[in-house]
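For reference, the structure discussed in these notes is given below.
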Ligand SMILES: Nc1ncnc2c1ncn2[C@@H]1O[C@H](COP(=O)(O)OP(=O)(O)OP(=O)(O)O)[C@@H](O)[C@H]1O
Ligand SMILES: [Mg+2]
């Protein structure tokens, strides 16, 4: 039996007929995909492309690293030096021995470990630069109907919350992406109806807590259950979904909900996050289409600020802080196990061993464009933790997800049938032309929208005018 198993609890009081109020990881209303084996179709190139799109493309988890500046404690108390050197936008090296005599150029190669990532941000990087290379790229993909996930990982005090939440004066990825999303919606609103809903939760000591419900003063949302069904995939039962119609609204939601998130002071970080926080934006897009009414796409964007791994001796944690730290480490260790299992392509991936990994199931190995931001302290005193984070990230970048555009399957099927219909009409017109040619008639114009097709031996009415057929078969 896995630790912390979160198999649905059959004794839950919610009757099965009650539809869940929200979903984190799937759209609640969609019927299953039509069974293509019952509906034989002509495979045109367009249909093939659509089918490929539906079955998904393989995409590696993207990994970027952000190194924060050394802080006062590291330089003054520990007399720490910088143990990380950036070689390029994609490469960095970490040195075990960073005593002053070991100048970066002459450091012993034995002490050096080199890593390559999708991007490496140095201590001078701005919130905007980080967003441009991460959230902005992800959002562009999500707008096409793909699911997306950004999560920040790293030891306590390394800069995860700074990167994801940021400050009011210099916001992080959560707010920048939201701003970008609503700016985008404004440019397409004349042809596409977009609806956005937001959920915000934290996982604190293995309990899923609804931060949005706390903001709205709703009670009883302190230990929500993670469920899974065929139709919706993984979802959190009874999570508050709030419709959002402007950046100002989501900005306020993020600001308010983060106030309810559990934070605490440790020796490593005066504002240490004691929980994993997950902000989810659910986006539905209905594009008006003259032929089939509308086309429908949806996507989920998970923006996750993890709690950091910590050593009790370094954080000085006792009592409740110590207990929190143990739970945080435990769930991060489960995350490590999931990543190991995926990298080694093991048949069993232990997603159910923690709530965090269960919630991240789609983002790691599933249907999501996923980006991991590894936050690092450059201080030599944190060498072991930083090396461990880099090794973790190095494994994570091997994970392949299978991403596909989330469409309404019914409308998807209509689009496919329309495509076939168009091709068949063209084929009929070609055949009619051949038949007419053999019979010595003048080939008729190909039928087009609003006109009747010509049958051999018939007269054809084009736009109300009888053009006549030159050939009557006796
Ligand atoms: N890139 C940066 N530039 C300047 N200051 C930073 C940067 N990153 C982090 N900091 C500062 O370092 C401190 C710790 O950052 P933060 O709270 O984001 O760490 P964390 O990784 O979220 O830690 P925890 O796991 O304990 O929550 C904060 O005071 C923050 O302002
Ligand atoms: Mg934090």
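Laboratory data are not the source of any read-out in this text; all were calculated from the coordinates shown. If you're wondering where the values come from, they're calculated on a predicted model, not measured in any experiment. Cβ placement follows ideal geometry from the backbone for every residue including glycine, while neighbour counts extend to all protein chains displayed.
Per-residue packing, averaged as other Cβ atoms within 10 Å, sorts the ranges 191-204, 236-249 into the order 191-204, 236-249, beginning with the highest.
Please give the Cα centre distance for the stretch 125-156 versus the stretch 310-348, rounded to the nearest Å. That distance is 24 Å. Normalised by 2.2 N^0.38 Å, with N the number of residues, the alpha-carbon radius of gyration of the stretch 58-407 equals 1.00. When its C-alpha radius of gyration is set against 2.2 N^0.38 Å (N residues), the stretch 246-331 gives a value of 1.65.
Put simply, the stretch 308-379 fits an ellipsoid with semi-axes of 26, 15, 11 Å; these come from the alpha carbon gyration tensor as the roots of five times its eigenvalues, largest first. Here the Kirkwood formula puts the hydrodynamic radius of the stretch 188-305 at 16.0 Å, using every distinct Cα pair. In terms of surrounding Cβ atoms within a 10 Å radius of their Cβ, 260, 119 rank from fewest to most as 260, 119. For the stretch 348-422, the calculated P(r), taken from all Cα-Cα distances in 10 Å bins from zero up to the bin holding the longest distance, is 15, 28, 25, 16, 9, 5, 1 percent.
Here, P(r) means the percent of Cα pairs in each 10 Å bin from 0 to the largest distance; for the stretch 185-251 it is 18, 39, 29, 13, 1. For residue 167 and residue 256, the difference between the fully extended length at 0.36 nm per residue and the C-alpha to C-alpha distance is 30.7 nm. Sort the stretch 274-407 into rounded, prolate or oblate with this rule: let a ≥ b ≥ c be the square roots of the eigenvalues of the Cα gyration tensor; rounded if a/c is under 1.5, and if a/c is not under 1.5, prolate when a/b is larger than b/c, oblate otherwise. Prolate is the answer for the stretch 274-407, as a/c is 1.5 or above and a/b outweighs b/c. By the count of other C-beta atoms within 10 Å, a proxy for reagent exposure, 81, 356, 332 are ordered fewest to most as 81, 332, 356. With all projection directions averaged, the alpha carbon convex hull of the stretch 107-258 covers 12.9 nm². Of 417, 224, 376, the sequence from fewest to most neighbouring Cβ atoms within 10 angstrom is 417, 224, 376. With N the number of residues in the stretch 123-204, Rg(Cα) / (2.2 N^0.38 Å) evaluates to 1.20.
The eigenvalues of the Cα gyration tensor, multiplied by 5 and square-rooted, give the stretch 271-320 an equivalent ellipsoid with semi-axes of 47, 7, 6 Å from largest to smallest.
Annotation: the antiparallel percentage among DSSP beta bridges lying fully within the stretch 58-407 is about 70.
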